[in-house]
Each structure stands twice: as C-alpha cells, then as structure tokens.
Ligand SMILES: *Cc1c(COP(=O)(O)O)cnc(C)c1O
C-alpha cells in the first residue's frame, strides 16, 4: 500500500480547487507591533493586518513581566493534568478572574478556545438525557465538531434569526433539555448576534444559552467582558465561552457559568480531564492581560481600536473599495473572486510589505472571497494610509469593481 500516494491524491485535489493552505512564516517583533519579519517570499518586514492579537496585548509589558516572573518562579510546564498534580495556583487565580469578568460563579480553563467549545458542547449533548443542541448556521468549526461528537439530536437555525430559532424550539419536547449555541461577533462577516432577542426565545422555551464570545472578549463592554457585558445581558446567558488567545494575546480557552454547570463540565469532559494543564506562565500572563483590559487602560485601548477601525472604513469609502458594513472591529474587503483575492494578497506582501491572508472557500461561501483586516490600536494613521493607498492602486491593476458611493 502506497500511503503517501493516497495522501498526495487528496492534497492535489485541494491544490486544483485552490484551497491548499500556504502559511506566511513570520517572526513577530516585540515592541514593534504590528510589524513582523517575513521569512517567505516578498518584503522582509511586513505590517500584519490580519492578526487576532486585536489590541497588541501579546507584547504588553505587564503581560510579559507576569510571564517572566512565573517562568522564573514555577518553571516551564504545569507538570501534569489538572487532576494529577497540574493545578497551579495561577490556574485558580485565572479562573477566578474569568468568572469575575463575566459575572459568573465559576470558570474552567482549557488548552484552547477550540478545545473548550469541543469539550463543553460534546459533554452537554452527550450527558444531558434527551438533549437537543440548536446551532446557528454560521457557528465556528469547534462548536460544529463538539456537537457532532455529542451524538445527540441537533437542529441548525438560520444565522442570527431568532424567529427561525423559535420555530425550531417549538417543535421540540418542552420537557427535554435544549442547548442554543451561537456567537456574539462572527469573525468572517463581523456581524453581531441579536443576543437579547435570542435570549428571549431561549427563556420562552426553557433552553439554556451557550454563547461564544471569542471575538469580543477584551474588546467590548466596560471591562472587556464582551458584547453580552456591553448590552447588560451576561446574567441571562447560561454559559459564556471565550479565548485567551485573541484579544488577551496569550493562549487558552475557557467557559464560565454556574457552579453546577462548571463542575459538571470539569467532572465529565474528556477534553478537560485527560490533557496537561496550561503552563503556569501562560496563566499568569492571561491574568495580567485580563486585569489590564478590565481597567482604564483597557478602555483607552478599546476606544483607540474603534477609532482606527472607523478611520480605515472611511478611507476605504473614499477610495471606493467595497467592504462589508458591520458594527464590529472586523473589516472585510470584498474581492468576490478566489484567484484575484489570492493575487491581491500576494501583491500586497511582495510590493507593499502588507500581510493579509486571503479568505477563500470553504472558510467563506464561493463568490464572497475577501481580505479581512483587523485594525488594532497600534496600527497608526500612516499604516492605514499605506494600506488604502496600496489597495487603491492594486484595485485598478486587477480590474476590480469599485463601490458606488
Ligand atoms: C478562534 C475561534 C475559536 C477557537 O479559539 P482558540 O483559542 O483559537 O482555539 C472558537 N470560536 C471562534 C468563533 C473562533 O473564531
């Protein structure tokens, strides 16, 4: 059996479809965010325009100091799973910090946001007798995989559509457990769920709500608790899930909720139990990041980010570059052609030192290919002008349609 030939056949199919992923090899510079060294083809130094370290917290001095201190004090790894010697004091402090951030009784850490969604949803679906999970049609792969692994009943409801959710809930046994899973900020279109309306429907039908705030934590709300905090809805959401790897700039995932809910996941989720705990230095860095973003400095960073987002949108409008209008910090510039999308990204990297990853099918539907820009407080006005100037000239060269003002 030639296994490599089997692998190659499927890889070749990906390449033919234009879906083969090529990574940009970068070396981030501390103190020069959003600049990075590019180890691949193109400019040697690039401005990163598609990062998820939304506020530059991955290089914040307080975060780095906390990590250095913990590394010196505790060493490299946690030394075990949470159950068998791996629970470090800093993990407990971090869980307390997260529970406080979302106004919940308790929180539970995972090695990533992906694992937290996968483990929590699969445990809920598998362990709650007769459970149905109702999933927004745009939900992230980590939720989809968790629901699949639960092997329970599932229903997919139309994206951000509380009425469709209500219809689907009305069909179900009123006495059986139901979990409604959705996100606040959707990362590809940058649209935001009507959380209050969805919660109304959940409460009407006795469903528990499961909200992924991965693209909102640190960024929205007076203390960075996310969209549910901004809208005063945190206490109505049964489970809030988030990541430490995006706006908090470190790595890891978590859930928050009632004491019983968190104890249930802690006690039954294989993806929590049977894996080594996060390094203590990571937990200490995350605590520092969350604390910073809860305070006045966080408020300043969030305001500055919103300013830069608004500025990029205004400049794109002036240049007639079409972008999705949405209420978040995510600015998708619509190219609507997979080949041109990749070509634009290559030109930006090679000629302008601008790095943005092209987003093509299957991440987004065919015909909606895009470049997804995420301005941070550390992208200055000059960076924005350089980006829009480059897009302006490439737009003509690639014969792309302008937006009609
Ligand atoms: C990135 C992402 C995750 C996974 O978080 P990680 O910490 O990166 O594993 C979960 N949900 C959504 C919506 C995401 O975009």
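With Kirkwood's inverse mean 1/r over C-alpha pairs for Rh, give me the Rg to Rh ratio of the chain, two decimals please.
Values: Rg = 21.8 Å, Rh = 22.4 Å.
For the chain, the value is 0.97.
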For the chain, give the share of DSSP beta bridges that are antiparallel, in percent and rounded to the nearest 5; count only bridges with both residues there. 55 percent
Under the 0.36 nm per residue contour assumption, what length would be gained going from the current alpha-carbon distance of residue 96 and residue 76 to full extension? 5.0 nm
Per the 1/(1 + (r/R0)^6) rule, R0 = 45 Å and r from the Cβ atoms of residue 3 and residue 52, FRET efficiency to 0.05 is 0.85
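Applying a 10 Å radius around every beta-carbon, put 369-378, 153-162 in order of their mean neighbour count, most first. Walk me through the intermediate numbers first.
Values: 369-378: 22.8, 153-162: 17.9.
Packing proxy ranking, top to bottom: 369-378, 153-162.
Using only alpha carbon positions, build the gyration tensor of the stretch 61-294, then give the equivalent ellipsoid semi-axes as the square roots of 5 times its eigenvalues, largest first, whole angstrom. Could you put the intermediate results ahead of the total?
Details: eigenvalues 184, 76, 36 Å².
Value: 30, 19, 13 Å, ordered largest first.
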FRET efficiency, residue 274 to residue 310 (Cβ-Cβ, R0 41 Å, nearest 0.05): 0.35
Applying a 10 Å radius around every beta-carbon, put 248-255, 23-30 in order of their mean neighbour count, most first. 248-255, 23-30
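Can you put 112, 187, 122, 270 in order of Cβ neighbours within 10 angstrom, beginning with the fewest?
Values: 112 18, 187 21, 122 24, 270 13.
Taking fewest neighbouring Cβ atoms as first place, the list is 270, 112, 187, 122.
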Using 0.36 nm per residue, how much length does the chain from residue 351 to residue 41 gain when fully extended, once their Cα-Cα distance is taken away? 110.5 nm
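With each run of n ≥ 4 DSSP H residues scored as -39500 (n - 2.57), what mean residue ellipticity at 222 nm is computed for the chain after dividing by its residue count and rounding to the nearest 500 deg cm²/dmol? Each step should come with its number before you reach the end.
Numbers: 14 runs with 175 residues, N = 405.
After summing the helix terms and dividing by the residues of the chain, the value is -13500 deg cm²/dmol.
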Name the residues of the stretch 361-379 whose amide N is less than 17 Å from a point 7 angstrom out from the Cα of residue 319 along the C-beta direction? 370-376, 379
Can you put 4, 62, 381 in order, fewest other beta carbons within 10 Å first? 4, 381, 62
Checked the stretch 226-354 with the C-alpha gyration tensor, a ≥ b ≥ c its square-rooted eigenvalues, rounded below a/c of 1.5, otherwise prolate if a/b is larger than b/c and oblate if not; verdict prolate
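All of the numbers you see were taken from the coordinates with simple rules; none came from a lab. Predicted, not measured: the structure shown is a model, and the values here were computed from it. Quick reminder, even Gly has a Cβ in these numbers, built from the backbone with ideal geometry, and neighbours come from all protein chains shown.
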